[in-house]
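Engineer: One structure, pasted below without further comment.
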Amino acid sequence: DAGVTQSPTHLIKTRGQQVTLRCSPKSGHDTVSWYQQALGQGPQFIFQYYEEEERQRGNFPDRFSGHQFPNYSSELNVNALLLGDSALYLCASSLLSGQGSYEQYFGPGTRLTVT
Amino acid sequence: AQSVTQLGSHVSVSEGALVLLRCNYSSSVPPYLFWYVQYPNQGLQLLLKYTSAATLVKGINGFEAEFKKSETSFHLTKPSAHMSDAAEYFCAVSYGAGGTASKLTFGTGTRLQVTL
């Protein structure tokens, strides 16, 4: 049973560019959440997707957008990259409701460096 | 609004000694509480969770935590530290409104160092 997978592992971009990060949830999960973890900090919630709709959103600008596909996989898009967007981006999957819905399982993350 | 405070950004213990990592939470509704561990260059692994059942929660790798509502605390303990426990530990809070999953709010983390 594959856990949460993310791609790519590492990414280097230039200021002003756009980036797309990808996530496949754990088998059986229907909800995907994205978090940003800056160096030396705890993860910060970006948004959560369920049934291809954004269900919750954290305090991030509109430059951060996402998408969820019918197979529950998800993408995180960041436009007009800033140096401050350099971070580890973590994807977490869960069940929206029912037994164990409160548990979020994390992928290994994508390390984004903006130069 | 909900928040988590982890006291001590760095904790150092000797191998075999007691591990105590502190976490206090603030939540306007009954919380769900979690401890995650992060090894270098890896994602987060769930150690244990509190979801309004037993207040003493046992997790993986010999860790446990006790939910104390009166103290708004959820401290993580392990009786005997092992070198492999060296990692970053995060406390997190969420709430389950109507039985549905909510976002996690994390503390700033505690780096555990284990020495010989």
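The values are calculated or read from the model by the stated rules, or taken from the named source; none is laboratory data. Here the structure is a predicted model, which is why all the values come from computation and not from measurement. Cβ placement follows ideal geometry from the backbone for every residue including glycine, while neighbour counts extend to all protein chains displayed.
Engineer: So which residues in region B:21-32 are surrounded by 14 or more Cβ atoms within 10 Å (Cβ to Cβ) and either under 14 Å from B:T77 (Cβ atoms) or not hydroxyl-bearing (S, T, Y) (or both), if there are any at all?
Structural biologist: At the first step, the residues of region B:21-32 found to be surrounded by 14 or more Cβ atoms within 10 Å (Cβ to Cβ) are B:21-25, B:27, B:31-32.
Answer for region B:21-32, where residues must be surrounded by 14 or more Cβ atoms within 10 Å (Cβ to Cβ) and either under 14 Å from B:T77 (Cβ atoms) or not hydroxyl-bearing (S, T, Y) (or both): B:L21, B:R22, B:C23, B:N24, B:P31.
Yes/no per residue for (1) more than 22 Å from A:P8 (Cα to Cα); (2) of a type in the set (S, T, N, Q); (3) at pLDDT below 95:
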residue	(1), (2), (3)
A:R57	yes, no, yes
A:G66	no, no, no
A:P70	no, no, no
A:S74	no, yes, no
A:A80	no, no, no
A:A87	no, no, no
A:L95	yes, no, yes
A:Y105	no, no, yes
A:T113	no, yes, no
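Engineer: Using beta carbons and a limit of 7 Å, which pairs, at least six apart or on different chains, have the first residue in region A:87-101 and part of a loop (DSSP other than H, G, I, E, B) and the second one at pLDDT 75 or above?
Structural biologist: A:L95/A:H29; A:L95/A:D30; A:L95/A:T31; A:L96/A:D30; A:L96/A:T31; A:L96/A:Y50; A:S101/A:S94; A:S101/A:L95
Engineer: Which condition breaks for B:A81 when tested against (1) closer than 21 Å to B:V4 by Cα; (2) touching a strand residue (DSSP E or B) at 6+ places or on another chain (Cβ under 9 Å); (3) outside any strand (DSSP E or B)?
Structural biologist: So the condition that B:A81 fails would be (1).
Engineer: Moving on. Mind checking whether some residue in region A:63-76 is in contact with a helix residue (DSSP H, G or I) (Cβ under 8 Å, 6 or more places away or on another chain) and either buried (at least 18 other Cβ atoms within 10 Å of the Cβ) or under 14 Å from B:L104 (Cα atoms) (or both)?
Structural biologist: no
Engineer: OK, next. Could you tell me whether region B:33-44 includes any residue that is among the aromatic types (F, W, Y) and either loosely packed, with under 15 Cβ neighbours inside 10 Å or over 30 Å from A:P25 (Cα atoms) (or both)?
Structural biologist: Yes, because at least one residue in region B:33-44 is among the aromatic types (F, W, Y) and either loosely packed, with under 15 Cβ neighbours inside 10 Å or over 30 Å from A:P25 (Cα atoms) (or both).
Engineer: Then there is this: Of the residues A:A80, A:A38, A:A2, which single one is within 30 Å of B:L48 (Cβ to Cβ), surrounded by fewer than 20 Cβ atoms within 10 Å (Cβ to Cβ) and either within 13 Å of chain B (Cβ to nearest Cβ) or touching a residue at least 60 places away in the same chain (Cβ under 8 Å) (or both)?
Structural biologist: Step by step, each of A:A80, A:A38, A:A2 is checked, and only A:A38 is within 30 Å of B:L48 (Cβ to Cβ), surrounded by fewer than 20 Cβ atoms within 10 Å (Cβ to Cβ) and either within 13 Å of chain B (Cβ to nearest Cβ) or touching a residue at least 60 places away in the same chain (Cβ under 8 Å) (or both).
Engineer: Can I ask one more? Output the strands (runs of 3 or more DSSP E) that fall wholly within region A:1-80 and possess 3 or more residues being within 14 Å of the chain's Cα centre (by Cα) and closer than 17 Å to A:L112 by Cα, or say none.
Structural biologist: Of the strands (runs of 3 or more DSSP E) lying wholly inside region A:1-80, those with at least 3 residues that are within 14 Å of the chain's Cα centre (by Cα) and closer than 17 Å to A:L112 by Cα span A:5-7, A:19-24, A:31-37, A:44-50, A:64-68, A:74-78.
Engineer: Which of the residues that make up region B:30-72 are among the charged types (D, E, K, R) and touching a Lys or Arg at 6+ places or on another chain (Cβ under 7 Å)?
Structural biologist: Listed by number, the list holds a single entry, B:E64.
A quick yes/no check of all residues on (1) closer than 25 Å to A:Y89 by Cα; (2) more than 11 Å from chain A (Cβ to nearest Cβ); (3) free of Cβ contacts under 8 Å to residues at least 24 places away in the same chain; (4) within 15 Å of the chain's Cα centre (by Cα):
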{"residue": "B:V13", "(1), (2), (3), (4)": "no, yes, no, no"}
{"residue": "B:V19", "(1), (2), (3), (4)": "no, yes, no, yes"}
{"residue": "B:A53", "(1), (2), (3), (4)": "no, yes, yes, no"}
{"residue": "B:F67", "(1), (2), (3), (4)": "no, yes, no, yes"}
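Engineer: Moving on. Can you say whether B:N61 is in contact (Cβ under 8 Å) with a residue 12 or more places away in the chain, under 30 Å from A:C23 (Cβ atoms) and surrounded by fewer than 19 Cβ atoms within 10 Å (Cβ to Cβ), as far as the supplied structure shows?
Structural biologist: yes
Engineer: Something else about it: Is it the case that A:S24 is surrounded by 21 or more Cβ atoms within 10 Å (Cβ to Cβ) and modelled with pLDDT of 95 or more?
Structural biologist: yes
Engineer: One residue is enough: does region B:3-12 have a residue meeting the conditions at pLDDT below 95 and out of contact with any Ser or Thr (no Cβ under 9 Å at 6 or more places or on another chain)?
Structural biologist: Within region B:3-12 (the criterion being at pLDDT below 95 and out of contact with any Ser or Thr (no Cβ under 9 Å at 6 or more places or on another chain)), the answer is no, since none of the residues qualifies.
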